[in-house]
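One structure below.
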Ligand code: C5P
C-alpha cells in the first residue's frame, strides 16, 4: 500500500447463539461448543501513517490507549512477524468504539483481528501468518477472520463454518456493568460439585452455560432475557460471558418495539442485524482513504 494513505477497517461484533462448556483443559482454559454469529454493529479502526511510535487514539474515555488494548498486542505481534526489531512505529490507530467493553460481544477481539489484518498489509506479513497470530491474542480472535455463523470448538478457536443462520434483527440490551470473561468462567467452575469435574454441561436448559452464574450475581441479566422473550425474541440469552443480553426477531418492527420498551424501563439498548459470512467478508475488507 502507498506509504501516505490511511487504511480503514470495520471490526464487527458477535453474539454466541449458544455456548456450552464441555470440559476443562490442562492449560486452564475451558473446552467449548459454541455457535458464533456476526452482527452489523461495529467499531471502526483507521490506520494513519505517522512518524513516531505506534499509538492508539480512542474516542471512548475508558478505552486503554496502551498495551492493555488488544490492538497494541496485535501490532506488536505483526511487527515481530514482519522481522522488524524494537517497538512498532510509523502508524497511529484511530479507534471509534461502538461495541461496549466487557459486554460479551467480542469488541476487543474483533479490534485485534482488524489490527492484525491492517498491520499485516502495512508491514507485509503473509495472510496465513497473520491469521495464525490471532489465537495468541485471545480465544475468540480467530473467529473474527471468518465471520457469519460458525461453530467454535476447543477454546472456541477451532472453527467450522455453518450454513448462515436465518437473517434476523437483534436487540442488544446493555446492563450498566461489565463482566470479566475470566470471572465468569471462574464462577462456573466454583458452582460445579467437586465430583462433577471435569465440567460437563447440563442438558441444554440454557443457551449459554455461563448465564446462570452471571445472573446469580447480576439478576438484571435474567430480567432482560425474560423481557426479551416476552417481547417475542427467539432465542433470547446472554452473549459470551456477558453482560450484554440479546434477543433475535424476524421482524424489524417487533425488534424496534422491544428496544423502545427496554428504553422506557431505563435499559440502554440498540437494534442491529445479523450478517451472513459473505456480507461480513465484503464489509470487513480494508479501504484505502485519500486523506485521514
Ligand atoms: O482468551 P481470552 O483472553 O479471551 O480469555 C480470557 C479468559 O477467559 C481466560 O484467561 C480464561 O480464564 C477464560 N476462558 C476459558 N476458556 C475459554 C475461553 C476463555 O477459561 N475457552
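Brief remarks on what is shown
- A helix-only calculation puts the chain at -9000 deg cm²/dmol for mean residue ellipticity at 222 nm, using -39500 (n - 2.57) for each DSSP H run of at least four residues, averaged over all residues.
- Rg/Rg_globular for the chain, with Rg_globular taken as 2.2 N^0.38 Å and Rg from C-alpha atoms: 1.01
- In nm, spacing of pseudo-spin labels at residue 68 and residue 89 (7 Å Cα→C-beta vector): 2.6
- Segment residue 60-residue 268, extension gain: residue separation times 0.36 nm, minus the distance between their alpha carbons: 73.2 nm
- Computed over region 4-53, the ratio Rg/Rh where both radii use C-alpha atoms and Rh is Kirkwood: 1.25
- Relative contact order, percent, the chain [alpha-carbon distance under 8 Å, six or more residues apart]: 26
- Helix 127-137 axis versus longest C-alpha principal axis of the chain: approximately 50°, rounded to the nearest ten.
- Shape of region 222-287, Cα gyration tensor, a/c cut at 1.5: prolate
- Relative contact order, percent, region 61-119 [alpha-carbon distance under 8 Å, six or more residues apart]: 46
- 72, 187 arranged by Cβ crowding within 10 Å, fewest neighbours leading: 187, 72
- Per residue, the Cα convex hull of region 1-130 amounts to 133 Å³.
- Between residue 5 and residue 256, the distance separating the two model label sites (each 7 Å from Cα on the Cα→Cβ line) works out to 3.8 nm.
- Residue order, fewest to most beta carbons within 10 Å, for 256, 14, 97, 126: 126, 256, 97, 14
- Relative to the dominant Cα principal axis of the chain, helix 252-264 is inclined by about 80°.
- C-alpha long axis of helix 70-81 to longest principal axis of the chain, angle in °: 50
- The ranking of 183, 140, 128 from fewest to most other beta carbons within 10 Å of each one's beta carbon is 128, 183, 140.
Values quoted throughout were computed directly from the atomic coordinates according to the rules given, and no laboratory measurement underlies them. Values in this document were obtained by computation on a predicted structure and should not be read as measured data. Every residue, glycine among them, receives a Cβ derived from its backbone with ideal geometry; neighbour counts consider all protein chains shown.
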